[in-house]
Amino acid sequence: MAFLIIQPIGKRIQVDPQISLLEATRQAGVELVSICGGIGICDSCQIRLVRGQLTAPSQEEQAIFSAEQLSEGYRLACQACALTDATIEVPKESLTTVQRLQIEGTATEVALLPALDWIDISVNPASLDDLRADTTRLRESAALFGWQIQVDPRFRFAPAVLATLSERLRAQGWTGRLVRRGEEVIAFLPVGSKVLGLAVDIGTTKLAAYLLDLETGETLGSAGEMNPQIAYGEDVLSRIAYANLHTNGRDELQGRVVGSLGKMTAGMTQSAGHSCEQVLDAVIVGNTAMHHLVIGLPVRQLGESPYVAAVGEALQVPAEKLGMQIAPAAGVYFPPNLAGFIGADHVAMLLASETVERSESGDTTHPVVAVDIGTNTEISLIFPAAERGEVRVLSCSAASGPAFEGAHIRAGMRASPGAVERVQIDSSTLRYTTVGDQPPVGICGSGILDIVAEMLDNGILDRTGKMRAGHPLVRFGPHSNLRGELLVAPAALTGHGKDILVSREDVHEIQLAKAAIRAGIDVLLDEAGLSAADLAAATDVSFIVAGAFGTYIYLPSAIRIGMFPNIPLARFTQIGNAAGMGARQMLLSTERRQAAERIASWIEYIELANHAGFNRYFMQALFFNKI
């Protein structure tokens, strides 16, 4: 048997080398499009081999794929079998269903103050009596129509604009919309054209993008995709290793993300009735590794102690340099990074939640914890420091790992149709709901969290995570896991005809993940001289949960397993993809960019590995305590 990892689903299965990958994925509950029924005469079940070895390409595959595509790992699932342990990537076009991606969050309106301004002008045509250069007459017209400019070198045209300016000027009848950033003209569009902006949150697992009208602030479109870098590793350390070990690894990782963003942008602009050349400003947030990889910065130092970023300050990078499929003279703003494992996405989350600003203004007088849950979980504690007469912000990064996204869980998967997402155990009965109300094929993060909490409430687990015998849903023995396993769904009810089980090893993965998060929270509270009681005593929200996973978790389950402190539910709020909302704010307002940079300057980063109390808190958090 070979071990197969299916990305970006996050599904891990054992496969028989005698059956095709199409059949293997179907048995795992991952449905691929197969128009021809699996005989190899269409190209609908395309996959790409990332690691491992498959059977040699068939004649059918050689007829469909070029030699270059075959060398890049492209295959037909119906024609290939796994000869060794392997990782494959399934394009979304090959999937019959799509994953659920949380791209929206709690939005706050901001006053419009974009980084660009624009003006519609008309120009006197060139003639034998007027031989001035096109740029000279455009400068003169811009001044006449209201721009306060001086005809000197500070007012200039971007080279990308000059490359097509003369042709556009004449094709548009000597009229147009000039768009500038500072003293540089970055576009010459038809009169009345929409000036658009792009806000992006690059997560380790997902990409979220938003198309905005910079004149009205209206969101014209949004899109979510799995981060294609998943095929190179579930977590940032795996991708850093890939970039370091392969000659063109960094370029390859950068190209995959930028390529996906290009497709997302094209889809949104087309749906809105516009073009990519109208996208003239962009803001991108992400953790430090994603930030470095999309810009093309070195990442080796992020994977080696003491794990420092190449750059911490905010950056403005030309879109053309990044290879982004928007206006070539557009700029891309990257907010500051905080440390090797806390990036601009956390700054954007704090900006969108306004926790720091409310504390600064005195609107919030109690401590607030803000947690953005992901493969790396970023945590901040915002509290008024009376002795200093100011607000303090303490932050850390907890290596929670990919368990909450289904990785390292035997039946784990991401939140795709058929994933068990909510669970209740009542005596000898286990009830569940699945994403899309489909037959169950695996368990996503919120589901495994519920299962562990329900097992605790029903006496199936002791405080160490060990399973107890005697419950009708738990079995031990030579034909099952000797350390115990819980039956979630029998084979007769599943979408792939196999039992869905949770083992002691699965529980241990959750213990490690939740202990990392809880220890990070406790370290910050300890560093501030506070406790969970101070959060519970608040009269308003004191615990903010952000991120895609944080959107769907059942908070009582997170409290029950000890991941979050046992404080009243009324003190919690779940705000969705706040990093994406912060990116949108910074796209619409330069004042919000300044606010983000100010927040970043206040943050005191605590490296958990160096904190004297971390190991003690982590060991305590591994146990399940009574609530």
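Please determine whether any residue of the range 548-558 is of a type in the set (Ser, Thr, Tyr) and surrounded by 23 or more Cβ atoms within 10 Å (Cβ to Cβ).
Within the range 548-558, one or more residues are of a type in the set (Ser, Thr, Tyr) and surrounded by 23 or more Cβ atoms within 10 Å (Cβ to Cβ).
What's the number of the only condition in (1) closer than 28 Å to residue 348 by Cβ; (2) buried (at least 24 other Cβ atoms within 10 Å of the Cβ) that residue 447 fails to meet?
Of everything listed in (1) closer than 28 Å to residue 348 by Cβ; (2) buried (at least 24 other Cβ atoms within 10 Å of the Cβ), residue 447 misses just condition (1).
Which of (1) within 25 Å of the chain's Cα centre (by Cα); (2) at pLDDT 95 or above; (3) surrounded by fewer than 23 Cβ atoms within 10 Å (Cβ to Cβ) does residue 586 not meet, given it meets every other one?
(3)
Any idea how many residues of the range 152-168 are modelled with pLDDT under 90 and surrounded by 11 or more Cβ atoms within 10 Å (Cβ to Cβ)?
Of the residues in the range 152-168, 2 are modelled with pLDDT under 90 and surrounded by 11 or more Cβ atoms within 10 Å (Cβ to Cβ).
Filter the range 496-547 down to residues that are in contact (Cβ under 8 Å) with a residue 12 or more places away in the chain and hydroxyl-bearing (Ser, Thr, Tyr) and give me whichever is surrounded by the most Cβ atoms within 10 Å (Cβ to Cβ).
First, pick out the residues of the range 496-547 that are in contact (Cβ under 8 Å) with a residue 12 or more places away in the chain: 496-528, 530, 532, 534-547.
Keeping just the survivors that are hydroxyl-bearing (Ser, Thr, Tyr) gives 503, 539, 542.
Working: 503: 19, 539: 9, 542: 26.
Among residues in the range 496-547 that are in contact (Cβ under 8 Å) with a residue 12 or more places away in the chain and hydroxyl-bearing (Ser, Thr, Tyr), the one surrounded by the most Cβ atoms within 10 Å (Cβ to Cβ) is 542.
Report yes if some residue within the range 362-372 is part of a helix (DSSP H, G or I), at pLDDT 95 or above and among the aliphatic types (A, V, I, L, M); otherwise report no.
Pass one, the range 362-372, residues part of a helix (DSSP H, G or I): none.
No; the residues of the range 362-372 include none that is part of a helix (DSSP H, G or I), at pLDDT 95 or above and among the aliphatic types (A, V, I, L, M).
Matching residues to (1) surrounded by fewer than 20 Cβ atoms within 10 Å (Cβ to Cβ); (2) outside the structural domain of residue 24 (by TED's automatic domain parsing); (3) β-branched (Val, Ile, Thr); (4) without any contact (Cβ under 8 Å) to a residue 24 or more places away in the chain:
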position	(1), (2), (3), (4)
439	yes, yes, no, no
453	no, yes, no, no
460	no, yes, yes, no
476	yes, yes, no, yes
487	yes, yes, no, no
493	yes, yes, no, no
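Condition test on residue 340, is it closer than 21 Å to residue 581 by Cβ and outside the structural domain of residue 551 (by TED's automatic domain parsing)?
On the way: closer than 21 Å to residue 581 by Cβ: no; outside the structural domain of residue 551 (by TED's automatic domain parsing): yes.
Criteria not met by residue 340.
Being within 21 Å of residue 414 (Cα to Cα) and in contact with a Lys or Arg (Cβ under 9 Å, 6 or more places away or on another chain): is that true of residue 575 here?
No, not satisfied.
I'm trying to understand the selection: among the residues of the range 124-139, which are closer than 13 Å to residue 162 by Cα and either outside the structural domain of residue 170 (by TED's automatic domain parsing) or aliphatic (A, V, I, L, M) (or both)?
133, 138
Considering 269, 288, which residue is among the hydroxyl-bearing types (Ser, Thr, Tyr) and surrounded by 24 or more Cβ atoms within 10 Å (Cβ to Cβ)?
Every option except 288 fails the conditions.
Considering only the range 28-49, state which residues are more than 28 Å from the chain's Cα centre (by Cα) and either aliphatic (A, V, I, L, M) or buried (at least 18 other Cβ atoms within 10 Å of the Cβ) (or both).
Of all residues in the range 28-49, those more than 28 Å from the chain's Cα centre (by Cα) come to 34-43.
The answer is 34, 35, 38, 39, 40, 41, 43.
Return yes when residue 171 is closer than 30 Å to residue 161 by Cβ, at pLDDT 95 or above, surrounded by fewer than 20 Cβ atoms within 10 Å (Cβ to Cβ) and out of contact with any Gly (no Cβ under 8 Å at 6 or more places or on another chain) and no when it is not.
It is true that residue 171 is closer than 30 Å to residue 161 by Cβ, at pLDDT 95 or above, surrounded by fewer than 20 Cβ atoms within 10 Å (Cβ to Cβ) and out of contact with any Gly (no Cβ under 8 Å at 6 or more places or on another chain).
What about residue 482, is it out of contact with any Gly (no Cβ under 9 Å at 6 or more places or on another chain), surrounded by 15 or more Cβ atoms within 10 Å (Cβ to Cβ) and either assigned to a helix (DSSP H, G or I) or not small (Gly, Ala, Ser) (or both)? Steps first, answer last, please.
Values: out of contact with any Gly (no Cβ under 9 Å at 6 or more places or on another chain): yes; surrounded by 15 or more Cβ atoms within 10 Å (Cβ to Cβ): no; either assigned to a helix (DSSP H, G or I) or not small (Gly, Ala, Ser) (or both): yes.
The answer is no for residue 482.
Please go through the range 286-326 and give me each residue that is among the acidic types (Asp, Glu), out of contact with any helix residue (DSSP H, G or I) (no Cβ under 7 Å at 6 or more places or on another chain) and within 24 Å of residue 186 (Cβ to Cβ), ordered by number. Don't jump to the end; show me each part of the working.
So the first thing to find is which residues in the range 286-326 are among the acidic types (Asp, Glu), and the list is 304, 313, 320.
Restricting the remaining residues to those that are out of contact with any helix residue (DSSP H, G or I) (no Cβ under 7 Å at 6 or more places or on another chain) gives 304, 313.
Result: 313, single match.
Please go through the range 393-427 and give me each residue that is part of a strand (DSSP E or B) and not β-branched (Val, Ile, Thr), ordered by number.
Across the range 393-427, the qualifying residues are 394, 395, 396, 397, 398, 412, 419, 421, 422, 424, 426.
Filter the range 161-210 for residues that are among the aliphatic types (A, V, I, L, M) and within 30 Å of residue 288 (Cα to Cα) and give the result.
Of everything in the range 161-210, those that are among the aliphatic types (A, V, I, L, M) and within 30 Å of residue 288 (Cα to Cα) turn out to be 186, 195, 196, 198, 199, 200, 202, 207, 208, 209.
Tell me whether the range 450-472 contains one or more residues that are out of contact with any strand residue (DSSP E or B) (no Cβ under 6 Å at 6 or more places or on another chain), under 17 Å from residue 549 (Cα atoms) and either modelled with pLDDT of 90 or more or in a helix (DSSP H, G or I) (or both).
yes
Looking at the range 52-91 only, could you name the residues that are surrounded by fewer than 21 Cβ atoms within 10 Å (Cβ to Cβ), under 19 Å from residue 226 (Cα atoms) and of a type outside the set (Ser, Thr, Tyr)?
91
Tell me which residues, restricted to the range 327-352, are within 18 Å of residue 308 (Cβ to Cβ) and part of a strand (DSSP E or B).
334, 339, 342
Filter the range 234-266 down to residues that are out of contact with any Pro (no Cβ under 8 Å at 6 or more places or on another chain) and outside any helix (DSSP H, G or I) and give me whichever is surrounded by the fewest Cβ atoms within 10 Å (Cβ to Cβ).
Within the range 234-266, the first condition is being out of contact with any Pro (no Cβ under 8 Å at 6 or more places or on another chain), and the residues that meet it are 236-249, 251-255, 258, 261-266.
Those left that are additionally outside any helix (DSSP H, G or I): 246-248.
Values: 246: 13, 247: 7, 248: 10.
Among those that are out of contact with any Pro (no Cβ under 8 Å at 6 or more places or on another chain) and outside any helix (DSSP H, G or I), it is 247.
Does residue 317 meet the test of being β-branched (Val, Ile, Thr), in a strand (DSSP E or B) and surrounded by fewer than 24 Cβ atoms within 10 Å (Cβ to Cβ)?
yes
Please list, ordered by residue number, the strands (runs of 3 or more DSSP E) wholly in the range 147-225 having 3 or more residues that are of a type in the set (Lys, Arg).
Answer list for the range 147-225: 175-181.
In the set 404, 383, which member is closer than 30 Å to residue 472 by Cα and in contact (Cβ under 8 Å) with a residue 24 or more places away in the chain?
None of the others qualify; the one that does is 404.
Which ones in the range 589-605 are under 27 Å from residue 515 (Cα atoms) and surrounded by 21 or more Cβ atoms within 10 Å (Cβ to Cβ)?
Residues satisfying the conditions are 600, 603.
The values are calculated or read from the model by the stated rules, or taken from the named source; none is laboratory data. Treat the numbers as computed from the prediction; the structure is a model and nothing was measured. Neighbour counts run over all protein chains shown; Cβ positions are idealised from the backbone, glycine included.
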